[in-house]
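The structure appears below as structure tokens.
The values are calculated or read from the model by the stated rules, or taken from the named source; none is laboratory data. Fair warning: this is a prediction, and the values are worked out from it, not measured in the lab. Positions of Cβ are backbone-derived with ideal geometry, glycine not excepted, and every protein chain shown enters the neighbour counts.
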Amino acid sequence: MTILKARPKQMRTILGVFLIGIVMFSITLNAQAIPTQTGYMVNDWAHILTFEEEEDLEYSCRYIEEQTTVEVFIITTDDLEGEDLNRYSYLLFNGWGMGKDDVNNGLLLILYYWENETHYYYNFRVEIGRGLEGAITASEAARITNDNITFWFDWAYFYDGFYEGLVEFYDEFKDDPSVRSQISDPVGLAAFRLWGYENPLIAGAIVAVGLTTMFYLLQFSLYRRRMVLFPLIGMGVLVLFAWWWDGSLLVLGYAIAIAIGATITIKGGNRVRPGGGRTEGGGYTY
């Protein structure tokens, strides 16, 4: 029986080029001044919230959006990428397009956190879209910040500060019709991308099927010594598609992990051969 097998040297070269491309792509993303939008409304980049606290705040932000169409984002970070907090929050607010386009009803609560061996420090800022300025005045924003947010931050209760701030801000605009967007639920590509970052594991599994298929096509092409470029291009397109789908590397990470696991499982299964051999005696004992 003939077993299809690609030349090891060719395989190592192609996989090396592919991996270098992924690394360079990731470096390019990380080099941007403002992080790529993740698809989540709560992003704890400073790692000061527990997983449960982050999930609870995410649910609260989603609930507020469902009830009022107002988009509330919570960001913690320990790196301002060389900017001051005012500039960083402005770039993040506009770069991510926070708020609906027709009313500009975005609200950003952003905390810059750093610490040394004995103390922690923070700066906090609220970024308010123009569509919310009628419902949330400067004096009200200052009152909520001082009484309900930084009051808790001073005692390192960051979840409590964010949660109370959400509740107070929500009370300010929940009954104001001027903050409500008239844009309907996303359709077409927008709905497709929304589904992707809400279901990254399933989306990653779908992309993984394509990656695994292209990997085996690559092996076959190497054996036949032709049409090698097609599966390589296919793998590159799938990688870019996975990144575009949810606006982050989460779907791509799931896809690569699942594809590698599937490939190892399939190859491992192919190595197993059925038994069935038996002897009729005649062995030798030494």
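Annotations for the structure displayed:
- Restricting L108, L85, L92 to those that are in contact with a helix residue (DSSP H, G or I) (Cβ under 7 Å, 6 or more places away or on another chain), within 26 Å of A156 (Cβ to Cβ) and aliphatic (A, V, I, L, M) reduces the list to L108.
- Search result, residues across region 128-184 that are among the small types (G, A, S) and out of contact with any Gly (no Cβ under 9 Å at 6 or more places or on another chain): G134, A135, A138, S139, A141, A142, A156, G161, G165, S184
- Going through (1) surrounded by 14 or more Cβ atoms within 10 Å (Cβ to Cβ); (2) not in a helix (DSSP H, G or I); (3) not acidic (D, E) one by one, G204 falls short only on (2).
- Top-ranked residue of region 145-167 - restricted to ones that are without any contact (Cβ under 8 Å) to a residue 60 or more places away in the chain and buried (at least 19 other Cβ atoms within 10 Å of the Cβ), ranked as nearest to E53 (Cα to Cα): G161
- In the set G161, G165, only one residue is assigned by TED's automatic domain parsing to the domain that holds A138, at pLDDT 80 or above and under 25 Å from D101 (Cα atoms); that residue is G165.
Let's see how each residue does on (1) within 25 Å of the chain's Cα centre (by Cα); (2) of a type in the set (V, I, T):
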{"residue": "K100", "(1), (2)": "yes, no"}
{"residue": "V103", "(1), (2)": "no, yes"}
{"residue": "G106", "(1), (2)": "yes, no"}
{"residue": "Y112", "(1), (2)": "yes, no"}
{"residue": "E115", "(1), (2)": "no, no"}
{"residue": "E127", "(1), (2)": "yes, no"}
{"residue": "T137", "(1), (2)": "no, yes"}
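- Within this structure, R62 fails the test of being assigned to a helix (DSSP H, G or I), free of Cβ contacts under 8 Å to residues at least 24 places away in the same chain, more than 16 Å from F162 (Cβ to Cβ) and among the charged types (D, E, K, R).
- Hey, I34 among the aliphatic types (A, V, I, L, M), closer than 30 Å to V179 by Cα and at pLDDT below 95 or not: yes
- Residue in region 232-241 that is buried (at least 19 other Cβ atoms within 10 Å of the Cβ) and farther than 15 Å from I256 by Cβ present: no
- Complete set of residues in region 214-231 that are free of Cβ contacts under 8 Å to residues at least 40 places away in the same chain, part of a helix (DSSP H, G or I) and more than 14 Å from I260 (Cβ to Cβ): L217, S221, R224, L229, F230, P231
Listed here are the residues, each with its yes/no results for (1) in contact with a Ser or Thr (Cβ under 8 Å, 6 or more places away or on another chain); (2) over 30 Å from E66 (Cα atoms).
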position	(1), (2)
F151	no, no
G165	yes, no
S181	yes, no
L194	no, no
G210	no, yes
M214	no, yes
V237	no, yes
W244	no, no
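- Among residues of region 120-144, those that are acidic (D, E), surrounded by fewer than 18 Cβ atoms within 10 Å (Cβ to Cβ) and touching a residue at least 12 places away in the same chain (Cβ under 8 Å), counted: 1
- Scope region 69-84; condition closer than 18 Å to I144 by Cβ and either at pLDDT below 95 or surrounded by fewer than 21 Cβ atoms within 10 Å (Cβ to Cβ) (or both); matching residues: none
- Taken over region 98-111, the criterion of being surrounded by fewer than 21 Cβ atoms within 10 Å (Cβ to Cβ) and touching a residue at least 60 places away in the same chain (Cβ under 8 Å) is satisfied by K100, D101, D102, V103.
- Here A138 meets each of (1) modelled with pLDDT under 95; (2) within 19 Å of E164 (Cβ to Cβ) with one exception, condition (2).
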